Amino acid sequence: MSQKTAIYPGFFDPITNGHLSIVNRGLQIFDNLVIAILNNPQKAPLFSINERIFMIKEAVKDKLNVEVDTFDGLLVDYAVKKNSNVILRGLRALSDFEYEFQMALMNRKLDRNIQSLFLMTDYKWFYTSSTIIKEAASFGGDVSGLVPEVVNCKLKEKFAPSKNT
């Protein structure tokens, strides 16, 4: 019996407990999961690609069937390269659905063999996003419990008050 692998793409700047919830639930459906970090030069991330890889690997270190990778270009091409025909995406709100639906339709147009699977986020992560977490952390807010501990530490480092002020 062949192993079924899903691609879980995203920017993951940074990874949150909501993302990890989708990872855990995806692993209940698929044998393997590739967390694929989009290398998008048009975005200005808080964390470098290497920092995001480190944090994600640390957050999933107990999951042997999860790979962390990066990609450029079309997601459908990356999925084919990884021998997968499933793109796993998490949904929070209706606004997520509209965007994700458009992306799924475009991916389907580009490659009819690629399927998109949407999982609703757990209720406790419904209002959580990387953007909101970064904003709260930038003002000294406590985001522990919303992100893995490694991410919480890295956010504190990034937003530590400058000793020169």
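The values are calculated or read from the model by the stated rules, or taken from the named source; none is laboratory data. None of the values given here were measured: they were computed from a predicted structure. Counting neighbours? That spans all protein chains shown, and the Cβs are built from the backbone with ideal geometry, glycine included.
At-a-glance table
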quantity: Positions within segment 42-70 being polar (S, T, N, Q) and over 22 Å from LYS156 (Cα atoms), in sequence order; calculated: GLN42, ASN65, THR70
quantity: Those residues of segment 136-150 which are surrounded by fewer than 16 Cβ atoms within 10 Å (Cβ to Cβ) and assigned to a loop (DSSP other than H, G, I, E, B), in sequence order; calculated: PHE139, GLY140, GLY141, ASP142, GLY145
quantity: Close pairs (6 angstrom Cβ cut-off, 6 or more residues apart or separate chains): among the charged types (D, E, K, R) and surrounded by 14 or more Cβ atoms within 10 Å (Cβ to Cβ) in segment 117-135, part of a helix (DSSP H, G or I) and modelled with pLDDT of 85 or more anywhere; calculated: ASP122/SER21
quantity: Test result for PHE47, crowded, with 17+ Cβ neighbours inside 10 Å, touching an Asp or Glu at 6+ places or on another chain (Cβ under 8 Å), at pLDDT 95 or above and of a type in the set (Phe, Trp, Tyr); calculated: yes
quantity: In segment 71-91, residue farthest from LYS154 (Cα to Cα) [restricted to those that are modelled with pLDDT under 95 and surrounded by 16 or more Cβ atoms within 10 Å (Cβ to Cβ)]; calculated: LEU91
quantity: Among (1) crowded, with 19+ Cβ neighbours inside 10 Å; (2) aliphatic (A, V, I, L, M); (3) more than 14 Å from LEU119 (Cα to Cα) - the single one ILE22 does not satisfy; calculated: (3)
quantity: Segment 37-69, residues that are in contact with a strand residue (DSSP E or B) (Cβ under 7 Å, 6 or more places away or on another chain) and either without any contact (Cβ under 8 Å) to a residue 24 or more places away in the chain or assigned to a strand (DSSP E or B) (or both); calculated: ILE37, LEU38, ILE49, ILE53, LYS57, VAL66, GLU67, VAL68, ASP69
quantity: Segment 137-164, subset of a type in the set (A, V, I, L, M, F, W, C) and farther than 18 Å from PHE11 by Cβ, residue nearest to the chain's Cα centre (by Cα); calculated: CYS153
quantity: LYS4 vs. criteria out of contact with any Pro (no Cβ under 7 Å at 6 or more places or on another chain), surrounded by fewer than 22 Cβ atoms within 10 Å (Cβ to Cβ) and either in contact (Cβ under 8 Å) with a residue 12 or more places away in the chain or hydrophobic (A, V, I, L, M, F, W, C) (or both); calculated: yes
quantity: Test set (1) at pLDDT below 95; (2) farther than 27 Å from LYS156 by Cα; (3) not β-branched (Val, Ile, Thr) - ASN39 fails condition number; calculated: (2)
